[in-house]
Structure formats: C-alpha cells, structure tokens
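The values are calculated or read from the model by the stated rules, or taken from the named source; none is laboratory data. For clarity, every value in this text was computed on a predicted model and none was experimentally measured. Don't worry about glycine lacking a Cβ; one is built from the backbone with ideal geometry, like all the others, and counts go over all protein chains shown.
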Amino acid sequence: MSASHHNSDQSARIRERIAREAARLIARGKASSFHAARTRATRWLSQQKLGSADIPSQEEIAHELDALSLTNDWDQLTKITWAALQTFDWLQICRPRLQPDWLDTRTADGVTIHWIVPRTLLEKLEQAVLSHRISVTKRTVEDGLTCLDFYASGVPQTIFIWKGDWPVNDEQPLCCTIAGTEYRFIDPAEALKHVEPATDWEELLAESDVDEDGDWVAALQPLLQGLENVALDSQEHPEGNALYHALQVFELGRDKHPYDEEFLWACLLHEVGRLVDVRNPVKAAERILQGRVSERVLFLIRELPAAQELLRGDLSHKGLRKADSFDELLDLARCDLAGRVPGRQTATLPEALDYLGSLANAWDEY
C-alpha cells in the first residue's frame, strides 16, 4: 500500500473513523472478521486513495469494539440513526446536510444530531417546522449564525442556518468550524444509505412458499419476533419496543373482536413494516405481506394512519366510511393509540399465536 497523502493528525482521524465503523459492522453481525469489516468500512467512509498510515490495525478495531460493548453505543447509535431518518423525511425539502459522525461531536450531555440548511431556504424550513408541529428554540451561535434546537424521536437535534456558500452538488461536503467545533456535513441520503435491517425480511419471505391460504402462524412468527428489536419513538411510545406495543394492541383488540381472526392479525402485524423501512413503514408492511395475508388484513394496516386522522377530527378521509370494515378499522386505530402503556400485562407472542391458530382450526372444523 502506498504512503499516505495526509498529515499525522488527519491519518489518525481517518483510522479512528474506519475502526469505529468496522467495529459497528462486527457488532451487528454484518462482518465475520476484522479484515472483512475493515475493508467494508474503508469502502464506505472514504472515496479517496488511502495510504498504510490511514488504515487501522486489528488492535484499533478491537479497541473500538470493546468501547461499543462497554458503553452500549450500538444501542444508542441505532436510536440516533432512526431519529435522523425520521427528521430527514420532513426536512429534505430544505436541501439539508447532515453531520454523520455522531460520536465525533458528542459532549458530556450525550449525542446531538446536527443538520445544516442554506439561509436561502429559511422560509421553507419554517413552513416544514410549522406543518410538522416541531417545537424549536432559536438561538444565535456566533457572528450572526443562528440555529434551531429541538427534540424529536427521543434525540436532541440542531439545525444550523448557513449564510455562507453552499455546495453546488450533492457529492460535495460542507466543511466548517462552528463555535470551535469542526463539522463535515454531507448529503443525508449518502450518510444514511447504509442503514440496513438486521435481517433481510423481504428476501426471507420471498424464499418461503407460504401464501394467504397457508399456515400464517408458521410463516409470520419470525417476522413478529423481529419486532422485539425495533425501538419506537419514546415520546409517542413510552411502552418500549414494537413487539410489546403489538401485543398490547392485540390484547385490546381481542376484547373488542375476540373471534375476528383477520382483525387480530392486523393488530399484531401493523408495525412489521418498521423491520424493512422506518421511513415508510406502512408501504413496507403492505409490500412484504402482499400475497401472504388476506386483502382485509392489508386494508386494515394500510388505512390505519387515515383512521387515526379521522379520530383526530380530520375529515379528509371520510370516504373510508363506505368500506365494509370501517368499524373495525376505527377500532384498530383506537387500540393502537391505547396500546402504549408501560408495564401493562399482555399475552406472550406464543400465546397470541396459539390463540390465532385455535381460531383458524375452529373455522376449518366448521
């Protein structure tokens, strides 16, 4: 390998970033060896030619892996990445840039997600904040540079409003120093494109030959078990992970419609899209369940957000009242909103699936 083109400080920072990313890949089970993790991390994090001084040793990667284990940084980083995806969904109209190295700007108070938008799009930013009901605090950082501080998806975030030159293309980073801290802002789509689900559920389901007339319990149990590893927004879901939420919704749904098998499946399955795409979980759920559950289950999951808006008084979806399962749809929305209580007793997943299996067997016998 050739000599590095960077000075010693630059090489040290590059090695640290590559070692940290390699450690995360190993911790997630995405790489089976130090060599594979280092190669993949180098490919992701640097498009420039690197020298031997820029590549971390196995010991440096092991050190970062130990740090992840000791501080639970991986759990925190998963939450932070999810929060960044959620914010990017409504902020992208403002052409934002994102500081991708969460730990590089960590303070004693923890990690803050940093964004930057051009001042020329300030009006769009204000409209986006207003339309998405984001509560922000405006402050001046330095030399007239202002920012908006807010708390979303359980993570503190800051949007700097940049009045200087803006990169002419998405590939070009915006590097600057703000209040003594160096930042390197890049295109969020690039920063977040390597976010992958722990299991490729779409591929897993595609390989199965189970359809809507087959054994739903056997086909969908692994999918539901995966929800235990899906963290939800702690402000909207103080109860915890997506599986616990789904089981609460199932229990509430069983009280309302104890013999409606399709309704109860919708109660359990309504969050499975988050396993594939947290930015658009409803469409993801419909995609992975298509052909594997009934059209009525898909309808209940697909229209759940609209039903929740109807419960809030938004009449833009009043056409749903003509649907055959409109009453059950509203009940699903009510159960979804009510199934967010920390510590509530619920059935276990095997118990819920046994109950659904008993309903299916009863219908077969009938």
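Structure above, values below:
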{"quantity": "Set LEU103, LEU91, LEU121, LEU125: member being surrounded by 16 or more Cβ atoms within 10 Å (Cβ to Cβ), modelled with pLDDT under 85 and assigned to a helix (DSSP H, G or I)", "calculated": "LEU103"}
{"quantity": "Tally of residues being assigned to a loop (DSSP other than H, G, I, E, B) and either modelled with pLDDT of 95 or more or of a type in the set (S, T, N, Q) (or both) across segment 328-342", "calculated": "1"}
{"quantity": "Conditions (1) touching a Cys at 6+ places or on another chain (Cβ under 7 Å); (2) modelled with pLDDT under 90; number of the one not met by GLY291", "calculated": "(1)"}
{"quantity": "All positions within segment 343-366 that are closer than 13 Å to PHE250 by Cβ, part of a helix (DSSP H, G or I) and either of a type in the set (Asp, Glu) or modelled with pLDDT of 90 or more (or both)", "calculated": "LEU349, PRO350, GLU351, ALA352, LEU353, ASP354, TYR355, LEU356"}
{"quantity": "Subset of segment 277-294 (residues that are over 9 Å from the mean Cα position of the chain (by Cα) and hydrophobic (A, V, I, L, M, F, W, C))", "calculated": "VAL282, ALA284, ALA285, ILE288, LEU289, VAL293"}
{"quantity": "Helices (runs of 4 or more DSSP H) contained in segment 254-321 and holding at least 2 residues of a type in the set (Gly, Ala, Ser)", "calculated": "281-289, 304-311"}
{"quantity": "Looking only at segment 317-366, and only at residues there that are among the hydroxyl-bearing types (Ser, Thr, Tyr) and over 28 Å from the mean Cα position of the chain (by Cα), the one that is surrounded by the fewest Cβ atoms within 10 Å (Cβ to Cβ)", "calculated": "TYR366"}
{"quantity": "Selection from segment 139-191 of residues that are buried (at least 17 other Cβ atoms within 10 Å of the Cβ), within 24 Å of the chain's Cα centre (by Cα) and touching a residue at least 60 places away in the same chain (Cβ under 8 Å)", "calculated": "ALA152, SER153, GLY154, VAL155, GLN157, ILE159, TYR183, PHE185, ILE186, ASP187, PRO188, ALA191"}
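Here is a yes/no grid of residues against (1) charged (D, E, K, R); (2) under 28 Å from ALA360 (Cβ atoms):
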{"position": "ILE288", "(1), (2)": "no, yes"}
{"position": "GLY291", "(1), (2)": "no, yes"}
{"position": "SER294", "(1), (2)": "no, yes"}
{"position": "LEU300", "(1), (2)": "no, yes"}
{"position": "LEU310", "(1), (2)": "no, no"}
{"position": "GLY319", "(1), (2)": "no, no"}
{"position": "ASP324", "(1), (2)": "yes, yes"}
{"position": "LEU329", "(1), (2)": "no, yes"}
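Yes or no, residue by residue, for (1) part of a helix (DSSP H, G or I); (2) at pLDDT below 80; (3) among the hydroxyl-bearing types (Ser, Thr, Tyr); (4) not assigned by TED's automatic domain parsing to the domain that holds ASP101:
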residue: ARG20; (1), (2), (3), (4): yes, no, no, yes
residue: LEU25; (1), (2), (3), (4): yes, yes, no, yes
residue: LYS30; (1), (2), (3), (4): no, yes, no, yes
residue: THR39; (1), (2), (3), (4): yes, no, yes, yes
